Amino acid sequence: MRRIYLDHAATTPTHPEVVKAMLPYFTDVFGNPSSIYSYGQEAKGAIEEARTKVAELIGARSEEIIFTSGGTEADNHALKGVAYANERNGNHIITTAIEHHAVLEACKFLEGRGFIITYLPVDEYGLVDPQDVKKAITDKTILISVMHASNEVGTIEPISEIGKIAKEAEVYFHTDAVQTVGHIPLNVDDLSVDLLSISGHKFYGPKGIGALYVRKGVKLASLMHGGGQERRRRAGTENVPGIVGLGRAAEIASHEMSKEAERLACLRDKLIKGLEEKIDNIRLNGHPRKRLPNNVDISVDFIEGEAMLLNLDLEGICASTGSACSSASLEPSHVLLALGVPPEQAHGSLRFTLGRENTEEDVERVLEALPRIVAKLRAMSPFLKSIK
Ligand SMILES: *Cc1c(COP(=O)(O)O)cnc(C)c1O
């Protein structure tokens, strides 16, 4: 049975070209980039080439890119780095209720150290209202952090509008763009962002590497102290193969993403339409139009997301419940609750995120399997019996 992978928001397979680009940096070119002999300088050169490619993908200058260990570190660096370096100017940070845990937990940490965090609500589609951002700004606000697109429901936020508000108020603006970089074209100037998080493994690069874009002039404290790497902003010997892989992934994305986004949006719409036709009592979570080209997030009434997931897995289809809840707790997703999805519907959520290997045939397999699985589970559902 051919397995169908439909969880690209969780991670993507590393592109074969990316692996190929990385390999020499494990073997032939193993030097420390800080060493001045040629081995080191070759590695250093490769890092700077990758930095240029990442910068080009987002319309930045190469000196504005800091390599990190991934999206989580980029988010932590943005939030804590701005908080620590600017606390004399204020202690207020604005974010949203639907952020990734890398942002929310960093905010919680800062709350324990005297910072005040405003968590903005979202509407039923997961959209943040820029006017809410404007109203929340005080003379103590030092940072606004709003994700570019939701990893869970796929909604794309009005970042450039919020960016204009932040610029006018002279408040730093960070966006977690882990789900959009390499997937849809974007530009840091058009978005008016000062900081932007990137993760390699979300767009066919390797795991354990990412980047933080930091606009020239932004005051940012370091989280890692040690050597002078990354212009003293992030100490530690560089992950050279990872950085080279990230650069190659950025280069491939810059050539392919526009066309690929169009192709995936067609598959996405076919999947949504088919599921709505074949299954009663389901709802699409997230915005119907302002959404990632590869995201389908649904709630299916009367059954559990996990049960659907396990049954799909038996048929070789990998999806996600979309909820980033720890498997130990039965808390429904904070994102769906913020959208106002009732807890019982939030428990029945299922996320499919498409990627470059997926085809129309894969969508058809899901459209054949899921209605059958839902019918079977509903026949056994205690929720449904109690309603009848
Ligand atoms: C995956 C993800 C992260 C974390 O990135 P890692 O590289 O896995 O640490 C952060 N934010 C969003 C929106 C994500 O989807």
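The values are calculated or read from the model by the stated rules, or taken from the named source; none is laboratory data. Every value quoted in this text rests on a predicted model; they were computed, and no experiment measured them. Methodologically, a virtual Cβ is constructed for each residue, glycine included, from the backbone with ideal geometry; neighbour enumeration extends over all protein chains shown.
Condition test on Thr52, is it hydroxyl-bearing (Ser, Thr, Tyr), modelled with pLDDT of 95 or more and touching a helix residue (DSSP H, G or I) at 6+ places or on another chain (Cβ under 6 Å)?
On the way: hydroxyl-bearing (Ser, Thr, Tyr): yes; modelled with pLDDT of 95 or more: yes; touching a helix residue (DSSP H, G or I) at 6+ places or on another chain (Cβ under 6 Å): yes.
In short, yes.
Looking at this structure, is Pro16 closer than 30 Å to Leu314 by Cα, surrounded by fewer than 20 Cβ atoms within 10 Å (Cβ to Cβ) and of a type outside the set (D, E, K, R)? Spell out the reasoning first.
Details: closer than 30 Å to Leu314 by Cα: yes; surrounded by fewer than 20 Cβ atoms within 10 Å (Cβ to Cβ): yes; of a type outside the set (D, E, K, R): yes.
Yes; evaluated as a whole, the condition is true for this residue.
Give the residues of segment 25-38 that are loosely packed, with under 15 Cβ neighbours inside 10 Å and in a helix (DSSP H, G or I), sorted by residue number.
Ser38
Given Gly163, Gly112, which one is in contact with a Phe, Trp or Tyr (Cβ under 7 Å, 6 or more places away or on another chain) and more than 14 Å from Gly286 (Cα to Cα)?
Numbers: Gly112 fails: in contact with a Phe, Trp or Tyr (Cβ under 7 Å, 6 or more places away or on another chain).
Answer to the selection: Gly163.
Between a first residue in segment 236-256 that is at positive phi and a second residue that is not β-branched (Val, Ile, Thr), which pairs have beta carbons less than 7 Å apart while being 6 or more apart in sequence or on different chains?
Listed by first residue and then by second, the contacts come to Gly236/Met224; Gly236/Gly226; Gly236/Gly227; Gly236/Gln229.
Inside segment 192-205, can you point out the residues that are surrounded by 24 or more Cβ atoms within 10 Å (Cβ to Cβ) and at negative phi? Can you show your working first?
Going through segment 192-205, the residues surrounded by 24 or more Cβ atoms within 10 Å (Cβ to Cβ) turn out to be 193-200, 202-205.
Result: Val193, Asp194, Leu195, Leu196, Ser197, Ile198, Ser199, Gly200, Lys202, Phe203, Gly205.
Out of contact with any Lys or Arg (no Cβ under 7 Å at 6 or more places or on another chain) and free of Cβ contacts under 8 Å to residues at least 12 places away in the same chain - does that describe any residue in segment 127-134?
Yes, segment 127-134 contains at least one residue that is out of contact with any Lys or Arg (no Cβ under 7 Å at 6 or more places or on another chain) and free of Cβ contacts under 8 Å to residues at least 12 places away in the same chain.
Check every one of the strands (runs of 3 or more DSSP E) wholly within segment 68-179 and list those with 1 or more residues that are small (Gly, Ala, Ser), buried (at least 24 other Cβ atoms within 10 Å of the Cβ) and within 13 Å of the ligand (Cβ to nearest atom).
Values: elements: 92-96, 116-120, 141-145, 172-176.
Counting at least 1 such residues, we get 141-145.
Does segment 205-233 hold any residues that are in a loop (DSSP other than H, G, I, E, B), within 15 Å of the ligand (Cβ to nearest atom) and not small (Gly, Ala, Ser), and which are they? Steps first, answer last, please.
Filtering segment 205-233 down to residues in a loop (DSSP other than H, G, I, E, B) leaves 205-209, 215-229, 233.
After this cut, where a residue has to be within 15 Å of the ligand (Cβ to nearest atom) as well, the list is 205-209, 223.
Those that are in a loop (DSSP other than H, G, I, E, B), within 15 Å of the ligand (Cβ to nearest atom) and not small (Gly, Ala, Ser): Pro206, Lys207, Ile209, Leu223.
So Ser258 clears everything in (1) surrounded by 22 or more Cβ atoms within 10 Å (Cβ to Cβ); (2) outside any loop (DSSP other than H, G, I, E, B) except one condition, right? Which one?
Tallying (1) surrounded by 22 or more Cβ atoms within 10 Å (Cβ to Cβ); (2) outside any loop (DSSP other than H, G, I, E, B), Ser258 fails exactly one: (1).
(1) modelled with pLDDT of 95 or more; (2) in contact with a His (Cβ under 9 Å, 6 or more places away or on another chain); (3) of a type in the set (Val, Ile, Thr): which one isn't true of Ile303, the others all being true?
With respect to (1) modelled with pLDDT of 95 or more; (2) in contact with a His (Cβ under 9 Å, 6 or more places away or on another chain); (3) of a type in the set (Val, Ile, Thr), Ile303 is out only on (1).
Rundown of residues vs (1) surrounded by fewer than 22 Cβ atoms within 10 Å (Cβ to Cβ); (2) outside any helix (DSSP H, G or I), yes/no style:
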site	(1), (2)
Gly242	no, no
Ala249	no, no
Ser254	yes, no
Arg263	yes, no
Cys266	yes, no
Asp269	yes, no
Leu275	no, no
Arg283	yes, yes
